[in-house]
1. Which residue, of 147, 180, 196, 163, is in contact with a Phe, Trp or Tyr (Cβ under 6 Å, 6 or more places away or on another chain) and open to solvent by less than 70 Å² (accessible area, probe 1.4 Å)?
2. Any chance you could count how many residues in the range 398-425 are buried (at least 22 other Cβ atoms within 10 Å of the Cβ) and either among the polar types (S, T, N, Q) or without any contact (Cβ under 8 Å) to a residue 24 or more places away in the chain (or both)?
3. May I ask you to list pairs of residues, at least six apart or on different chains, whose Cβ atoms are under 8 Å apart, with the first in the range 506-533 being within 16 Å of residue 286 (Cα to Cα) and the second being among the hydroxyl-bearing types (Ser, Thr, Tyr) and open to solvent by less than 10 Å² (accessible area, probe 1.4 Å)?
4. Looking for whichever is touching a Ser or Thr at 6+ places or on another chain (Cβ under 8 Å), part of a helix (DSSP H, G or I) and hydroxyl-bearing (Ser, Thr, Tyr) here; the options are 165, 178. Which one fits?
5. In the list 164, 119, 143, 92, which residue meets the criterion of being under 23 Å from residue 46 (Cβ atoms) and in contact with a helix residue (DSSP H, G or I) (Cβ under 8 Å, 6 or more places away or on another chain)?
6. How many residues does the range 374-394 contain that are within 32 Å of the chain's Cα centre (by Cα) and not hydroxyl-bearing (Ser, Thr, Tyr)?
7. Would you check if there is a residue in the range 546-555 being farther than 16 Å from residue 475 by Cα and either among the aromatic types (Phe, Trp, Tyr) or open to solvent by 30 Å² or more (accessible area, probe 1.4 Å) (or both)?
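The values are calculated or read from the model by the stated rules, or taken from the named source; none is laboratory data. These numbers were taken from a predicted model, which means no experiment stands behind them. A quick note on method: Cβ atoms are made from the backbone with ideal geometry, for glycine too, and the neighbour counts reach across all protein chains shown. We work out accessible area using only protein heavy atoms, side chains counted, and drop any ligands, DNA or RNA first. Shrake-Rupley method; radii C 1.70, N 1.55, O 1.52, S 1.80 Å.
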Amino acid sequence: MSEFPRQLNLILCWHMHQPDYRNYANGEFVLPWTYLHAAKDYTDMAYHLEQNPQARAVVNFVPVLLDQLEDYARQFKTGEIRDPLLRLLAREDMSDLSPDERDLLLDRCFRCNHMTMIEPYPPYRRLLKLFQEIDLHEDKHFEYLSGQYFADLVTWYHLIWVGESVRRNTELIPRLMSQGSLFSYTDRRLLFELYGELIAGLIPRYRKLLEEGRIEISTTPHYHPIAPLLIDLKSAREALPDSGLPETPTYPGGVERMVFHIDSAIASHEARFGRRPGGMWPAEGAVSQASLMQLARHGVKWAATGEGVLVNSLRQSHGQVPEKAEYMYRPYRVHDATQQIHCFFRDDRLSDLIGFEYAKWYGRDAVANFVSELESIYQRTDQGENPVVSVILDGENAWEYYPYNGYYFLSELYEALAEHPHIRLTTFTDYLTQCADKAAPCARVGELPQVVTGSWVYGNLSTWIGDHAKNRAWDLLCAAKQSYDLVMASERLSAQERAGASRQLADCESSDWFWWFGDYNPSHSVAMFDALFRSNLKNLYQHLQLPVPVALDHPISQGGGAAAEAGGTMRRGS
């Protein structure tokens, strides 16, 4: 007889990531999503955890996101703003905008969920309607729009990208929303300064939650690379035997590059949060046996990935997969002769309910349904078992589809879970530590003889390799890496030049570029990420003091699809 009553261990993991939007050729931020999500989503996610003392969660911060947040904090501190949209918010005279500045504001300042972020605000709706009326005409005389129109437009855009918790706890946001129009330079400057305060306070807020034992903060290899592909491009065929591959069969020195990203992430985490990370959410939950063993060699105790990876791995080792309740709700030990790591697997159904479905529900009904789903798992699992359920999703993109940025849903969710008699909120590291000490009711640990390479998307790597455009991008990156290796071996660069080249290469290795290549993605987004990827590669050649290949002047992918999301489970930060 167990000394503990039977419980369901619930781990909520919020993954915080934005691609590196900096163009290192000129220092400018190409897209504003990092600071916008910081003001809206990262502030709200911290607030809900601060307001619920019994809440526990894992917050996964990708180091390249933290790099950008600190970059923005420095910009606000120095006044040297390198984001064009943010610069326009703080601009004193809006009457003499250049055509490019007007185009930028008209292109950017309606990019949001119109139903939840424009429709509730009549003054903002009027700005959109005026734009649409001009846009319908063949000549499109946007030059007739006044400086006041653009002042109001940039103000409203930044008002609706402020978190709901900030709106409810500051005087400025309600006052400006009530004012509605004719915003002055003083109004915009106050809003600009509020953004600066919010961004500067974010990392300290999360560090305080960590130090209080309210959350665990985990990390990801620094620049968000697809680890299995860096190590072995052919690993894509483990889950998809017919997957197309780049012409270059192997990414040169991939294991060493993976070690660089892991080491850099651990150093980043220690510097920012005062301790080593207990675990990692690998970029896109992409894992292989080799990549997990690399994490284990670096002292990482746990990793998390998608449910499809577990299904494929069990099918390979056992020939068939039992009912979900019989295999899903436990950690699995993955090991080789000398290393081991515990792997947790994302419950796709529960994660997707929060990510996509519950935004359409009343908050209280959504919470009740989620709790009911957990109670069903509790009842379906063996009576001698204490299931562990991992719910993992973006901590940013889902909430703009919710009324009030998910304010009521998240508040009531934490409250209901903390009060439930059979549900125990915990974190990955706390769970493993308490289980090892026999200080908590725990699930049996499963054994995986071999992990089949895959990710949270479909259980495979097709989102990042296999498509003609994706493979073309890999070939361009492999060629650049070969040049990098030759120059580094020559020792003709200074230490500072070598460090700059290494950082630029790491940025080029990010998963985000490969995500967007492919005809199924929207043309506008593909064009932006295509251009930024090629710019990064060009900048790498310049760091290496080599001629830039002509091939980098030509787009890799055209796009053309309608959906801005893949895999049906997580949204993208755009």
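1. Just one listed residue meets the conditions, 196.
2. Total meeting the criteria: 1.
3. That search, which allows pairs on different chains as well, returns 514/463; 515/463.
4. So the residue among 165, 178 that is touching a Ser or Thr at 6+ places or on another chain (Cβ under 8 Å), part of a helix (DSSP H, G or I) and hydroxyl-bearing (Ser, Thr, Tyr) is 165.
5. 164
6. 11
7. Yes; the residues of the range 546-555 include at least one that is farther than 16 Å from residue 475 by Cα and either among the aromatic types (Phe, Trp, Tyr) or open to solvent by 30 Å² or more (accessible area, probe 1.4 Å) (or both).
Listed here are the residues, each with its yes/no results for (1) more than 18 Å from residue 214 (Cα to Cα); (2) without any contact (Cβ under 8 Å) to a residue 24 or more places away in the chain; (3) part of a loop (DSSP other than H, G, I, E, B); (4) open to solvent by 20 Å² or more (accessible area, probe 1.4 Å).
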| residue | (1), (2), (3), (4) |
| --- | --- |
| 11 | no, no, no, no |
| 74 | yes, yes, no, yes |
| 95 | yes, no, yes, yes |
| 106 | yes, no, no, no |
